[in-house]
1. Taking the 0 to 90 degree range and rounding to the nearest ten, how far is the long axis of helix 3-23 tilted relative to the main principal axis of the chain, both from C-alpha atoms?
2. Over all alpha-carbon pairs in segment 322-378, figure out the percentage whose distance exceeds 18 Å.
3. What ratio of Cα Rg to 2.2 N^0.38 Å holds for segment 89-241?
4. Explain nothing, just compute: Karplus ³J(HN,Hα) = 6.51 cos²θ - 1.76 cosθ + 1.60, θ = phi - 60°, for every residue of segment 421-435 in order, whole Hz, x for Gly and Pro.
5. Which value, in Å³ per residue, describes the convex hull spanned by the Cα atoms of segment 442-523?
6. Work out how far the C-alpha atoms of segment 349-430 reach from end to end along every principal axis, then list the three figures in whole Å, largest first.
7. Taking the convex hull of the Cα atoms, report for segment 320-470 its projected area averaged over all directions, in nm².
8. So, with a 1.4 angstrom probe, what is the percent of accessible area on segment 149-302 that is carbon and sulfur?
Amino acid sequence: MNLSILKQLNSLIFCLGASAFINAQTPDPAKLQAYKSKYPGSNVIITNRSENVKIDLVKGIPVVKTSNHDEFLILNQSGVAGMTSDEIYFSSFETIEDIDAYSLIPTEKGYKKIKADNFVTKAAETEGSVFHDDNKITSYMFPGLTEGAYRIANYTEISSENRFPFGFNFSSYLPLENGTYIIDCDSSIHIKFQLFNDKKGDVKFKEEIIKGRRIQTWTISNPILIKQEERAAPSRYYSLHIMAQIAYYNTKKGKIQVVETATDLHNWYKDHIKNVLTEEPSDEMKQVTDSIIKNKGTELEKVKAVYYWVQSNIKYIAFEEGINGFVPRQPNSILTKRYGDCKDMASLIYSMLKYAKVKSYLTWIGTRDLPYKYSEFPSSICDNHMITTYLVGDKPYFLDATCSFLPFGFPSHGIISKEAFLHISDNEYKILNVPTMTTDQTNWRDTSYITFENRKIIGHSKTIASGFYNVYINEAYKDLDLEKLKEVVQNINEKGNNTFKVTSASVKNVGERDSNLMIDFAYEINNYVTSYDNEVYVNMVLDKDITMGELKQDRVAPFWLDNVGNDNYTVFLEIPKGYKLKSLPKNATFNSDFVDYSIEYTKVSETSIKMTVKLRLKFLLLYPESFAKWNEFAKIMKTSINETVVLQKI
């Protein structure tokens with residue numbers, strides 16, 4: 001038999017074998033009930049999910065072709081609604097072929113096969129988004145689904161770029177009975193792969209050489225479920241998955257590197273930026289840059305001025321169509337158009353500084369959505385972003401102009417703790433770590449002065465926001481309508497209960513990157529103070545949002561924070577005439593490697609009480625092994641912030 005036909009047949013058997021076996025069976029109510037008992041609370045399970053990656057040398061070049069197979073079983077009628085449609089996402093680097101989707105509907109005589117219909121392919125654009133790419137979706141419908149039905153989909157994906165990584169996720173939001181991933185390649189092709197989050201060794205691996213082909217197989221049964229959990233890290237941080245790519249292949253002429261090392265990755269990436277590196281500045285570029293750096297005495301001042309100008313004057317719109325997702329547009333053109341994506345903004349900063357005779361470096365980097373590191377698995381899976389880096393000795397300044405209000409010297413919150421991949425020269429690169437920043441660099445300090453009339457709190461507060469807090473508020477309210485100032489302040493500083501109302505407000509340093517945001521406001525809170533007989537009870541912790549809840553024991557996702565930070569709340573309660581202090585709540589403290597917390601009450605005078613809450617969050621990711629300690633803190637915090645000051649009528 002012709003070898004190519006044999007390969008196609010084997011692939012077909014691999015994808016369709018399980019479903020063909022189902023089709024030959026008679027529906028078994030006992031088997032369905034067994035699945036229901038095994039997966040209580042689940043409406044649908046995945047009985048089989050597999051991918052077969054075949055890599056062949058075509059005219060001396062590796063070509064990657066992946067056969068996908070998904071098989072869902074609907075356990076009850078509630079599972080039907082979510083299974084009636086499916087979608088295949090792909091980009092211009094991929095071609096989708098041989099879609100074979102159908103359902104197997106249980107009947108008394110066996111399973112009835114019904115082909116999927118209503119196939120539609122369209123752009124995957126999100127309405128109102130600043131991101132524009134060439135991704136497409138092919139969607140289709142599964143008619144006639146019912147309890148006990150199987151929903152099956154097979155398709156083939158061909159990649160036009162053999163340097164891209166490929167992979168498989170063994171974890172899912174639905175229970176998975178069996179998962180299989182196969183890489184089947186010519187033995188002259190060598191694969192680099194890494195398995196992530198398999199702490200217990202659940203994935204079984206086998207490698208064989210059969211008739212000149214290297215076949216690597218990974219299998220698993222019943223991996224952990226991905227759950228929708230509050231403040232969960234992206235699933236890549238904890239889901240069991242594998243990433244792989246072609247490292248190199250051998251030919252009669254010798255070894256051909258693809259992407260095995262960071263050097264290989266740099267050799268690929270540097271071609272994307274060669275036009276930026278060599279473009280001569282236009283007259284407009286010279287004129288604008290000269291005006292920006294005029295009267296700037298030091299190199300650092302010039303860098304800061306150029307960076308702030310690009311932040312303020314270039315509108316961020318992401319274009320990632322085809323190769324444009326990797327190649328920056330010409331800086332002269334970006335300057336003229338006044339808009340661009342992250343690569344364009346980075347290249348414009350680079351080119352302006354180059355004209356100003358200041359050396360900087362175009363830098364690839366991944367946002368925190370991606371857990372991968374160049375130092376561990378050098379690959380294009382490590383990055384989805386580009387910035388410019390300026391070095392003063394060993395001190396890097398990471399310049400990310402996509403964040404309009406980021407102060408000079410602050411990396412954007414999306415790249416803190418990540419590795420940056422700097423293009424130094426044609427034959428040199430550097431991998432640098434972006435700092436997390438310290439807790440003292442991001443502060444929220446709120447000082448309130450309150451009293452009460454009957455059950456109403458009457459207060460006045462001053463809030464100072466620095467670091468990332470300042471950035472977040474400025475980004476959210478950059479087009480602030482001053483007529484809606486009170487409404488905005490009310491949203492930022494909710495206190496007490498849902499009757500909280502800001503009666504007057506003023507804000508200073510809006511849009512000022514190098515100054516702390518200052519908010520001054522007066523407010524009222526109705527129905528807050530409680531009383532019994534001749535005693536009055538006041539909870540002085542007005543900012544309820546600071547409460548950090550316990551984490552469930554069965555939680556699998558790491559707890560995620562956007563940044564480390566330091567929150568301080570001080571409240572002075574003026575005791576009205578006719579009352580005196582009877583008792584203060586107990587002070588409480590908790591200290592650990594990842595969080596510090598304290599609440600302290602002080603009698604300032606016969607008519608004044610001071611309460612101070614301090615919360616210092618010192619982590620970006622908290623993993624399950626620390627949840628028990630976290631819950632100790634959460635219990636102490638919950639108890640202490642619900643305590644009340646007791647006043648007594650005189």
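The values are calculated or read from the model by the stated rules, or taken from the named source; none is laboratory data. Source: prediction; values computed, not measured. With ideal geometry, Cβ positions are generated from the backbone for all residues, glycine too; neighbour counts draw on all protein chains shown. For the accessible areas, the whole protein counts, side chains as well, though only heavy atoms, and no ligand, DNA or RNA atoms are used. Shrake-Rupley method; radii C 1.70, N 1.55, O 1.52, S 1.80 Å.
1. 60
2. 46
3. Working it through for segment 89-241, the quotient is 1.27.
4. 10, 8, 8, 8, 7, 4, 10, 9, 9, 9, 10, 10, 8, 7, x
5. 85
6. Extents along the principal axes, in whole Å: 35, 34, 21.
7. 13.6
8. Details: 3500 of 7570 Å².
Summing carbon and sulfur atoms, their accessible area is 46 percent of the total for segment 149-302.
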